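**Student:** Quick one: the structure is below, questions incoming.
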Amino acid sequence: MARQGDNKTKGKTRKRLPVRVKGDTLKADGRHARSLRTRAAIVDAFLALIREKEEVPTAKALAKRAGCSTRSVFERFSDFKELASAAFDHVLQQGLSTPVGDTPSKDRATRIAFQVRVRATNCENWLPLWRVLMRASIGAKEALQIRMSIVREMSRARLRLMYEPELSTVSQWRRDATLIALEALTDYESWGRMREHYKLSFEQACEVWVAMTDQLLPP
């Protein structure tokens, strides 16, 4: 009797345990997925609001745009710098530069035009975020400063790749000096001045960068 009862108990346990674990796992996965969606919505709201007003949005404004509660914002991001870092990572994952394909093997004019348009598009899209993060990076946590350095290095690496045929013909000093000048020329704020202060259209601003890039590059 005891042996049969033990078997019956074990059988019941074996039947119930997988169902209970599976249900708990599904609930946990569902909560995690919802949390990730809410986090992504907050990041998207942050980027959208910065583009509109070029200032740090309030938690209330973020919650309204993201369709969640203010509490949900603070549950996922302890402060502005943490949210800013997450937004920066999102932008980096999207890709701040377009794949070059076989463009580096093209003629000089084609490479310059391609690089300028890619850079101009990035500046047009992310200038507001860059300005807000630049202000926030003053005295900011190391993590945010590292991200700013990553973006600058990505820009320099792109320039080295696109203009290697010209840069390879000069000394290391001239190469470094040219890269510094090209990075400064195609900086976010340079784009902002052309578009906002000088009221140039997108195409006109691109033409300025194309002409000046051609002047800076070695023949």
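**Student:** Quick one: length gained pulling Ile146 to Thr110 fully straight, 0.36 nm per residue minus the C-alpha distance?
**Tutor:** Gain in length upon complete extension: 9.7 nm.
**Student:** Another question, if that's okay. Dipole of the stretch 68-213, Cα-centred, from +1 at each Lys and Arg C-beta and -1 at each Asp and Glu C-beta, to the nearest 20 debye?
**Tutor:** Roughly 100 debye for the stretch 68-213.
**Student:** Now for a different question. Rounded to the nearest angstrom and ordered from largest down, what semi-axes does the equivalent ellipsoid of the stretch 83-216 get from its C-alpha gyration tensor (root of 5λ)?
**Tutor:** Whole-Å semi-axes of the equivalent ellipsoid: 25, 18, 14.
**Student:** Quick one: what are the phi-derived ³J(HN,Hα) couplings along the stretch 76-93, Karplus 6.51/-1.76/1.60 with θ = phi - 60°, whole Hz, x for glycine and proline?
**Tutor:** These are the phi-based 3J(HN,Hα) values: 9, 9, 6, 7, 4, 5, 5, 5, 4, 5, 5, 5, 4, 4, 4, 5, 5, 5 Hz.
Each value in this text was obtained by applying a stated rule to the coordinates, not by laboratory testing. This is a predicted model, so every value here is computed, not measured. Ideal geometry is used to build each Cβ from the backbone, glycine not excepted, and the neighbour counts take in all protein chains shown.
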